[in-house]
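Participant: I am attaching a structure below and will ask some questions about it afterwards.
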Amino acid sequence: MKESLQTRDSWNSKLGFILATAGSAVGLGNLWKFPYTVGKNGGGAFLLVYMIFLLLIGYPLMLAAITLGRKTKLCAVGAYKSINKNWAFVGFLGVLCGFFILAFYSTVGGWVIYYLIEALKGNLNTTDSTLLANIFTNFISSPQKSILYQAAFLFVTYLIVVKGIKNGIEKASKIMMPTLLIMIVIIAFRSLSLPNAIEGIKFLFIPDFSKINLNVIMNALGQVFFSLSIGMGVIVTYGSYLDKKENIILASTYIPLLDTFVALVAGLATIPAVFSFNFEIAQGPSLMFITLPAVFSSMSFGYLFCIVFFILVLFAALTSSISMLEVCVSYFVDEKNTKRSTSAIYITLVIFLMGIPASLSMGILKDFKLLGSLNFFDFYDKLTSNIFLPLGGFLLAIFVGYVLTTKVALEEITINNEKFILSDIWCFLIKYIVPPLVFIILINSLKELFILITN
Ligand code: PHE
């Protein structure tokens, strides 16, 4: 645990915790994944289910994870293990999940780097959908480029984690994150003022109940977990760095609020523009990369805006990717006594190798399906968002609700006599709502995956 204690020393202020945790939560999940997932899952109907899951599942679990971390002052595996040895596997599950998420997250991180370079060259200055689609397709069709940029993203993640300059990154996020927030609000205003933008607003906010089906429900739950970084130990680990005198009720309220705000504004920046420019709303992962350059091109100072925006997206992606790599690295350092630098390099290499087929999924491996209709990229995404993260969240709720017990958790939450007016509701949700609800959805996700495997 020595290493984690060292890190722990370096940011035991509340702001440090909020910045790091918000940094982990706010990332490509909000800016890239949320808008296209809304687009593919029926708009307002998806948003409604998302909001319900956020309140009933995401928010209570955020508090549970922070509480578990701060109570034990240990990283994810240690936290479970110190209370009950048989539960160490939950931490391990999180580590495994980290490998799979980062394998496809780094693919998209690579896209961001490529787009930043294209923005600098002034190549994104058009509102022509065919041209923009060509830029994206040409890039992802080139195996060398896709792999190279994915490697670059992972290498930067690796450098930050191994050099222990996370502290610097957290400080930098004090400037970068608010700037990113202001920028997407401006972009959203621009997007909302485009002709026909109202269609996008209707799509996003008016639910069409007939669109709600099992798939929408599974994807909404997955998106809540993914976006809040819940279910793989990141929040438990970060919570362990938090000082006993801090108010964790407030901390665990700010983060989901901020995270949801960013996702919604990203939706408002992207979706109205999609309708205005007549792009395809259900196109999937390429949505942000094709739509936002068109919005920038229709703005004054668009060239500059585009560059700054991609720098900030890259930054937001890195503060998330370092949190994933950190969970994996600290597991090997703490549990297997491996040197930090050695584990970091090997883990990054393994993730890189796992990520290669994900990076090629939309290019030369386009016709290669790993499972049913899923290519590598989709498989990693589904496996983590729909199975690993919900499973981790389910186990976290059972653990805090029944093993640690909500009584002990509440003592930790109100250790400085904080008033927790929702305490009864929170206990009820953690014990009786989160486990069965997540379980039912999880079973369906497993069923779906099983059908894909056997077909
Ligand atoms: N929450 C991050 C994002 O929105 C992704 C993430 C998932 C980070 C799980 C850590 C753990 O981009």
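Values in this text are rule-based calculations from the coordinates and carry no lab data. The structure presented is a predicted model; accordingly, all values stated were derived computationally and were not measured. Using ideal geometry, Cβ is built from the backbone for each residue, glycine included, and neighbour counts are taken over all protein chains shown.
Participant: Give me the number: length gained by fully extending N444 to L131, i.e. 0.36 nm times residue separation minus the C-alpha to C-alpha distance, one decimal in nm.
Facilitator: 108.7 nm
Participant: Per 10 Å bin, what is the whole-percent P(r) computed from every C-alpha pair distance within region 299-455?
Facilitator: 9, 20, 27, 28, 14, 2
Participant: Give me the distance between the Cα centres of region 386-455 and region 180-225, rounded to whole Å.
Facilitator: The distance from the Cα centre of region 386-455 to that of region 180-225 comes to 27 Å.
Participant: Excluding G42 itself, what net charge comes from residues whose Cβ is under 9 Å from its Cβ, given Lys and Arg +1 and Asp and Glu -1? It would help to have the intermediate numbers written out before the result.
Facilitator: On the way: positive: K40, K211; negative: D208.
The answer is +1.
Participant: Stick to the Cα atoms of region 5-454, pair each with every other, and give me the Kirkwood hydrodynamic radius in Å at one decimal.
Facilitator: Over region 5-454, the inverse of the mean reciprocal pair distance is 21.9 Å.
Participant: Of the listed pairs K336/K407; K81/K244; K85/K431; K85/K419; K73/K407, which have alpha-carbon separations greater than 26 Å here?
Facilitator: K336/K407; K85/K419
Participant: Would you grab the residues whose amide H sits under 5 Å from the one on G363? Only those 5+ places off in sequence or on another chain, please, with H modelled 1.01 Å from N.
Facilitator: For G363, no residues qualify.
Participant: Taking 0.36 nm per residue of separation and subtracting the Cα-Cα distance, what length does fully extending I451 through L257 add?
Facilitator: Using 0.36 nm per residue and subtracting the Cα-Cα distance, I get 66.2 nm.
Participant: Another question, if that's okay. Kindly rank 366-375, 281-290 from highest to lowest mean number of other beta carbons found within 10 Å of each residue.
Facilitator: 281-290, 366-375
Participant: May I ask you to sort D378, D208 by Cβ crowding, counting other Cβ atoms within 10 Å and putting the fewest first?
Facilitator: Lowest to highest Cβ neighbour count: D208, D378.
Participant: While we're looking at this one, here's another question. Quick one: order T405, T291 by neighbouring beta-carbon count within 10 Å, fewest to most.
Facilitator: Values: T405 15, T291 29.
Ranking T405, T291 by Cβ neighbours within 10 Å, fewest first, gives T405, T291.
Participant: Let me ask something additional. Students often check this: by mean Cβ neighbours within 10 Å, which of 353-361, 445-453, 56-64, 83-91 ranks highest, and how do the rest follow?
Facilitator: 56-64, 353-361, 83-91, 445-453
Participant: Charges at C-beta only: +1 for Lys and Arg, -1 for Asp and Glu. How large is the resulting dipole of region 5-454 about its Cα centre, in Debye rounded to 20?
Facilitator: Values: 30 positive and 21 negative charges, 162 e Å.
It works out to roughly 780 debye.
Participant: Sticking with this structure for a sec: Taking neighbour Cβ counts within 10 Å as the exposure measure, how do V49, V112 sort from fewest upward?
Facilitator: Least crowded to most crowded, the residues run V49, V112.
Participant: Still on this structure: Principal axes first, then extents: for the Cα atoms of region 91-135, list largest minus smallest coordinate on each axis, whole Å, largest first.
Facilitator: 46, 20, 11
Participant: Show the residues, 5+ positions off or on another chain, whose built amide H is closer than 5 Å to the amide H of G43.
Facilitator: Those lying under 5 Å, H to H, from G43: there are none.
Participant: Hey, with R₀ at 30 Å, roughly what FRET efficiency would F205 and A282 work out to, going by the Cβ-Cβ distance, to 0.05?
Facilitator: 0.95
Participant: Taking a temperature of 10 °C and a viscosity of 1.306 mPa s, what whole-number D in µm²/s does Stokes-Einstein yield for region 65-150 with Rh from Kirkwood over alpha carbon pairs?
Facilitator: Answer from the Stokes-Einstein relation: 99 µm²/s.
Participant: Expected output is a single nm value to one decimal: the length gained when fully extending between N213 and I182, i.e. 0.36 nm times separation in residues minus the C-alpha distance. What is it? Please list the in-between numbers first.
Facilitator: Working: separation 31, 0.36 × 31 = 11.16 nm, distance 3.50 nm.
So the extension gain works out to 7.7 nm.
Participant: At 7 Å along the Cα-to-beta-carbon direction for both I421 and K407, put a label point, then send me their distance in nm to one decimal.
Facilitator: Going from the I421 label point to the K407 one covers 2.7 nm.
Participant: Place +1 on the Cβ of every Lys and Arg and -1 on the Cβ of every Asp and Glu in region 5-454, take the dipole about the Cα centre, and give the residue among I347, A282, I387 whose Cα lies farthest towards its positive end.
Facilitator: I347
Participant: A further question follows. With a 10 Å radius around each residue's Cβ, average the other Cβ atoms per peptide and rank 29-38, 155-164, highest first.
Facilitator: 29-38, 155-164
Participant: Quick one: what are the phi-derived ³J(HN,Hα) couplings along region 228-243, Karplus 6.51/-1.76/1.60 with θ = phi - 60°, whole Hz, x for glycine and proline?
Facilitator: Working through the residues one at a time gives 8, 6, 9, x, 10, x, 4, 5, 4, 4, 5, x, 5, 8, 7, 5 Hz.
Participant: Considering only the other residues whose Cβ falls under 14 Å of the Cβ of L204, what net charge follows from Lys and Arg at +1 and Asp and Glu at -1?
Facilitator: So the environment of L204 carries a net charge of +1.
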